Ligand code: FNR
């Protein structure tokens with residue numbers, strides 16, 4: 001078993017163990033990947049202020065996110081096709097998150113269904129919704145999430161049309177993979193992954209297949225999905241979904257001050273400053289760069305969360321110090337999932353918490369809730 005000391009170690013192992021088309025699916029951004037790259041490189045521009053001779057004993061990373069107690073303010077972001085990174089991937093990630101004490105968010109585009117995940121976990125998880133044109137489908141999936149006792153609905157607004165990722169087209173991404181010669185040659189070296197998949201009992205895309213009109217198998221799902229993202233999504237439809245849900249409501253994919261103000265007035269419990277991990281609008285600024293102005297724009301009206309580009313506890317600390325009340329990791333846990341299943345997700349969370357805790361101490365802080373701009377050295381022109 002290799003020694004894992006950082007998220008990059010998990011990424012290397014993920015690449016070695018998971019079929020190329022699914023590694024590339026996770027690792028790519030849209031078009032030129034400028035936004036994808038800057039999500040991480042902009043974090044590196046923010047520097048930390050070292051403090052010495054301060055009491056650093058009794059530290060705590062605990063906090064709350066949208067009214068939920070969390071062991072650290074880091075949730076698992078919704079990620080489609082988790083179950084192709086590792087057999088039963090959504091169940092594995094949800095179990096790791098619940099044992100660790102952080103929220104897991106199940107994607108609409110997951111392999112395991114809401115019911116699969118609920119049956120294999122003991123605590124409520126969060127559910128992420130993409131708004132589809134088929135209103136019956138939307139109504140039904142909201143009711144399913146309620147029945148499964150999901151404790152928050154995360155509504156994603158930045159994917160009503162798909163940002164193109166070149167690698168997915170070139171690899172012929174599909175789930176399950178089509179067995180072309182290059183795919184079979186690749187699979188020959190990824191036997192561990194293949195064995196796991198042979199053992200799974202799940203119906204692929206269990207949130208949709210068998211639940212949406214005319215979607216009886218994964219082949220029909222592909223064409224249904226590309227036509228179904230609702231291009232007419234507006235705040236009126238969002239209000240209808242908010243009212244139908246009636247519980248904790250989080251709006252994901254905000255990257256603009258004006259949109260943030262609207263979302264805040266809208267009564268959301270939290271907004272997530274995010275550019276979908278650089279997978280949608282290529283050329284948008286990084287989420288960490290947009291965070292400060294959005295925090296200023298909404299003030300105390302709504303809790304601000306952020307994701308896109310977090311690869312370490314240091315990154316989490318920077319986001320919190322810039323005013324985020326919570327953060328999400330996407331790829332950082334996907335690397336762990338692909339590398340080692342549930343143990344890999346746990347390892348990713350452990351790595352990040354240790355880094356966050358140590359960095360807090362070296363910044364002279366004992367409580368994650370006390371972090372602020374005083375901990376940072378921000379380069380001129382960053383905001
Ligand atoms: C995503 N993301 C995403 N978001 C969402 O709301 N629903 C989804 O189904 C998906 N699917 C998805 C797949 C993959 C492979 C990735 C990498 C991302 C976006 C995700 O929730 C989150 O915003 C980003 O992953 C954050 O960026 P980092 O942490 O991956 O840099």
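The values are calculated or read from the model by the stated rules, or taken from the named source; none is laboratory data. Keep in mind the model is a prediction, meaning the values are calculated, not measured. With ideal geometry, Cβ positions are generated from the backbone for all residues, glycine too; neighbour counts draw on all protein chains shown.
I'm told residue 344 meets every condition in (1) more than 16 Å from the ligand (Cβ to nearest atom); (2) under 19 Å from residue 78 (Cβ atoms) except one. Can you identify the failing condition by its number?
Of the numbered conditions (1) more than 16 Å from the ligand (Cβ to nearest atom); (2) under 19 Å from residue 78 (Cβ atoms), the odd one out for residue 344 is (1).
Residue 98 - would you say it is out of contact with any helix residue (DSSP H, G or I) (no Cβ under 6 Å at 6 or more places or on another chain) and within 16 Å of the ligand (Cβ to nearest atom)?
Criteria not met by residue 98.
Can you confirm whether residue 102 is assigned to a loop (DSSP other than H, G, I, E, B), in contact (Cβ under 8 Å) with a residue 12 or more places away in the chain and in contact with a strand residue (DSSP E or B) (Cβ under 7 Å, 6 or more places away or on another chain)?
Taking the combined requirement at face value, the residue satisfies it.
Give me a count of the residues in region 256-274 that are without any contact (Cβ under 8 Å) to a residue 60 or more places away in the chain, in a loop (DSSP other than H, G, I, E, B) and within 21 Å of the chain's Cα centre (by Cα).
Final tally of qualifying residues: 2.
Please verify whether region 299-316 includes one or more residues that are surrounded by fewer than 20 Cβ atoms within 10 Å (Cβ to Cβ), free of Cβ contacts under 8 Å to residues at least 40 places away in the same chain and under 28 Å from residue 56 (Cβ atoms).
No, there is no match, as no residue in region 299-316 is surrounded by fewer than 20 Cβ atoms within 10 Å (Cβ to Cβ), free of Cβ contacts under 8 Å to residues at least 40 places away in the same chain and under 28 Å from residue 56 (Cβ atoms).
Please go through region 110-136 and pick out each residue that is over 22 Å from residue 199 (Cβ atoms) and touching a helix residue (DSSP H, G or I) at 6+ places or on another chain (Cβ under 8 Å).
122, 123, 125, 127, 129, 131, 132, 133, 134
When you go through 80, 29, 58, 63 one by one, which is the residue that is under 22 Å from residue 251 (Cα atoms), more than 14 Å from the ligand (Cβ to nearest atom) and modelled with pLDDT of 95 or more? Outline the logic, then answer.
On the way: 80 fails: more than 14 Å from the ligand (Cβ to nearest atom); 29 fails: more than 14 Å from the ligand (Cβ to nearest atom); 58 fails: under 22 Å from residue 251 (Cα atoms).
Among 80, 29, 58, 63, only 63 is under 22 Å from residue 251 (Cα atoms), more than 14 Å from the ligand (Cβ to nearest atom) and modelled with pLDDT of 95 or more.
For region 248-255, state whether one or more residues are surrounded by 18 or more Cβ atoms within 10 Å (Cβ to Cβ) and either assigned to a helix (DSSP H, G or I) or at pLDDT below 95 (or both).
Step one: filter region 248-255 for residues surrounded by 18 or more Cβ atoms within 10 Å (Cβ to Cβ), giving 248-255.
With either assigned to a helix (DSSP H, G or I) or at pLDDT below 95 (or both) added as a condition, the list becomes none.
Scanning region 248-255 turns up no residue that is surrounded by 18 or more Cβ atoms within 10 Å (Cβ to Cβ) and either assigned to a helix (DSSP H, G or I) or at pLDDT below 95 (or both).
Checking the conditions here, which among 123, 149, 92, 170 is under 27 Å from residue 61 (Cα atoms), more than 12 Å from the ligand (Cβ to nearest atom) and part of a helix (DSSP H, G or I)?
92
Give 154, 138, 215, 183 a once-over and let me know the one that is free of Cβ contacts under 8 Å to residues at least 24 places away in the same chain and surrounded by 16 or more Cβ atoms within 10 Å (Cβ to Cβ).
Going through 154, 138, 215, 183 in turn, just one is free of Cβ contacts under 8 Å to residues at least 24 places away in the same chain and surrounded by 16 or more Cβ atoms within 10 Å (Cβ to Cβ): 215.
Can you find a residue that is outside any loop (DSSP other than H, G, I, E, B), crowded, with 21+ Cβ neighbours inside 10 Å, away from the ligand (no atom under 13 Å from the Cβ) and over 16 Å from the mean Cα position of the chain (by Cα) anywhere in region 332-341?
Start the filter on region 332-341 by keeping residues that are outside any loop (DSSP other than H, G, I, E, B), which leaves 332-340.
Pick out the ones that are also crowded, with 21+ Cβ neighbours inside 10 Å and you get 332-340.
Pick out the ones that are also away from the ligand (no atom under 13 Å from the Cβ) and you get 339-340.
Next cut, over 16 Å from the mean Cα position of the chain (by Cα) only: 339-340.
Within region 332-341, one or more residues are outside any loop (DSSP other than H, G, I, E, B), crowded, with 21+ Cβ neighbours inside 10 Å, away from the ligand (no atom under 13 Å from the Cβ) and over 16 Å from the mean Cα position of the chain (by Cα).
Quick grid of which residues meet (1) over 30 Å from residue 198 (Cα atoms); (2) assigned to a helix (DSSP H, G or I):
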position: 5; (1), (2): yes, no
position: 8; (1), (2): no, yes
position: 16; (1), (2): no, yes
position: 22; (1), (2): no, yes
position: 25; (1), (2): no, yes
position: 35; (1), (2): yes, yes
position: 56; (1), (2): yes, no
position: 72; (1), (2): yes, no
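Being touching a strand residue (DSSP E or B) at 6+ places or on another chain (Cβ under 9 Å), surrounded by fewer than 19 Cβ atoms within 10 Å (Cβ to Cβ) and assigned to a loop (DSSP other than H, G, I, E, B) narrows it down to one residue among 164, 160; which is it?
On the way: 164 fails: touching a strand residue (DSSP E or B) at 6+ places or on another chain (Cβ under 9 Å).
Being touching a strand residue (DSSP E or B) at 6+ places or on another chain (Cβ under 9 Å), surrounded by fewer than 19 Cβ atoms within 10 Å (Cβ to Cβ) and assigned to a loop (DSSP other than H, G, I, E, B) holds for just one of 164, 160, which is 160.
Between 38, 27, which is within 27 Å of residue 325 (Cβ to Cβ) and in contact with a helix residue (DSSP H, G or I) (Cβ under 8 Å, 6 or more places away or on another chain)? Before the answer, list the steps.
Details: 27 fails: within 27 Å of residue 325 (Cβ to Cβ).
After ruling out the rest, the residue left standing is 38.
Quick check, is residue 316 outside any loop (DSSP other than H, G, I, E, B), more than 14 Å from residue 43 (Cα to Cα) and modelled with pLDDT of 95 or more?
Answer is no for this residue.
Do we have residue 290 as within 13 Å of the ligand (Cβ to nearest atom) and either under 17 Å from residue 46 (Cα atoms) or modelled with pLDDT under 95 (or both) here?
Values: within 13 Å of the ligand (Cβ to nearest atom): no; either under 17 Å from residue 46 (Cα atoms) or modelled with pLDDT under 95 (or both): yes.
Judged against the criteria, residue 290 is not a match.
Could you tell me whether residue 277 is within 26 Å of residue 101 (Cβ to Cβ), assigned to a helix (DSSP H, G or I) and within 13 Å of the chain's Cα centre (by Cα)?
Yes.
Taking region 49-79 only, how many residues are touching a helix residue (DSSP H, G or I) at 6+ places or on another chain (Cβ under 9 Å) and buried (at least 20 other Cβ atoms within 10 Å of the Cβ)?
Qualifying residue count for the region: 8.
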